[in-house]
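A quick write-up on the structure given underneath.
The values are calculated or read from the model by the stated rules, or taken from the named source; none is laboratory data. Predicted model only: the values in this text are computed from it and were never measured. Backbone-built Cβ (ideal geometry, glycine too); neighbour counts: all protein chains shown. For the accessible areas, the whole protein counts, side chains as well, though only heavy atoms, and no ligand, DNA or RNA atoms are used. Shrake-Rupley method; radii C 1.70, N 1.55, O 1.52, S 1.80 Å.
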Amino acid sequence: MNIEDIRRELVTLHDELVRASLVAWTSGNVSARVPDTDLMLIKPSGIAYADLTPESMVACDLDGKPLPGQDLKPSSDTAAHAYVYRHMPGIGGVVHTHSPYATAWAARGEPVPCVLTAMADEFGGEIPVGPFALIGGDQIGRGVVATLTGHRSPAVLMRSHGVFTIGRSARDAVKAAVMCEDAARTVHLARALGDLQPLPEEQVAALHDRYQHHYGQR
Ligand SMILES: [Zn+2]
């Protein structure tokens, strides 16, 4: 994808966040690395989802600094996204939401336990909790990278805040955000009705391997 394709893709993916009810008002954001450059594109700060256009996505360097000559300011989470791109070279997309069920687990500082095959597929285990971090600087990015490095999960519940997901592409990261909220909701409902039954690790590993390497059209 060239930079114009990515701008259009980001508008579509922000619409997906709205469609999946993962965001309220202007909260939440998607970014994408621009392949073969040291640039990323991210949602502008404080612009309504319905008003997002390909041109409104803000181009920044991988320190999170916007390139000169752009009218709109980038998302207030830009430093966190940039930190992930600098420290996780295989990552092409990052998503942040305050989706309600997942964020309820984050509010308690509790990982979502792996009790469903769909969770083993997508997350390869529990959805982990990351540290509390203030918004604006590198702190959130550090917490995301520290939690997800060496973890199978593409999603982290940042304590008392919300969800960050990563993916090889921005679309993969949005999918992880949708699946994270779905898992958080289902496991919440299951626990309200009784005890949870964690999947054994060997089953989790087998499910994860099958889904990551053999599932879907190839
Ligand atoms: Zn946030």
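Key figures for this structure:
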| item | result |
| --- | --- |
| Selection count, the stretch 131-158, where residues are open to solvent by 10 Å² or more (accessible area, probe 1.4 Å), within 16 Å of the ligand (Cβ to nearest atom) and in contact with a strand residue (DSSP E or B) (Cβ under 6 Å, 6 or more places away or on another chain) | 1 |
| Filter result for E4 (touching a Lys or Arg at 6+ places or on another chain (Cβ under 9 Å) and charged (D, E, K, R)) | no |
| Index of the failed condition, Y215 passing every other in (1) open to solvent by 100 Å² or more (accessible area, probe 1.4 Å); (2) free of Cβ contacts under 8 Å to residues at least 12 places away in the same chain | (2) |
| Selection from the stretch 1-41 of residues that are under 20 Å from Y83 (Cβ atoms), touching a residue at least 40 places away in the same chain (Cβ under 8 Å) and open to solvent by 40 Å² or more (accessible area, probe 1.4 Å) | R33, P35 |
| Residues within the stretch 19-41 that are more than 13 Å from the ligand (Cβ to nearest atom), over 13 Å from E9 (Cβ atoms) and under 14 Å from the mean Cα position of the chain (by Cα), tallied | 1 |
| Checklist (1) within 16 Å of the ligand (Cβ to nearest atom); (2) assigned to a loop (DSSP other than H, G, I, E, B); (3) open to solvent by less than 30 Å² (accessible area, probe 1.4 Å) applied to V94, failing item | (2) |
| Strands (runs of 3 or more DSSP E) fully within the stretch 1-72 counting 1 or more residues that are among the charged types (D, E, K, R) | 29-34, 58-61 |
| Any hit, the stretch 106-123, residues being among the basic types (K, R), within 20 Å of H161 (Cβ to Cβ) and either open to solvent by 10 Å² or more (accessible area, probe 1.4 Å) or part of a helix (DSSP H, G or I) (or both) | yes |
| Count of the stretch 42-73 residues which are within 14 Å of Y85 (Cβ to Cβ) and either within 16 Å of the ligand (Cβ to nearest atom) or without any contact (Cβ under 8 Å) to a residue 12 or more places away in the chain (or both) | 3 |
| Yes/no for L193 being of a type outside the set (D, E) and open to solvent by 30 Å² or more (accessible area, probe 1.4 Å) | yes |
| Identity of the residue in the stretch 159-190, open to solvent by 30 Å² or more (accessible area, probe 1.4 Å) and among the β-branched types (V, I, T), that ends up farthest from R19 (Cα to Cα) | T186 |
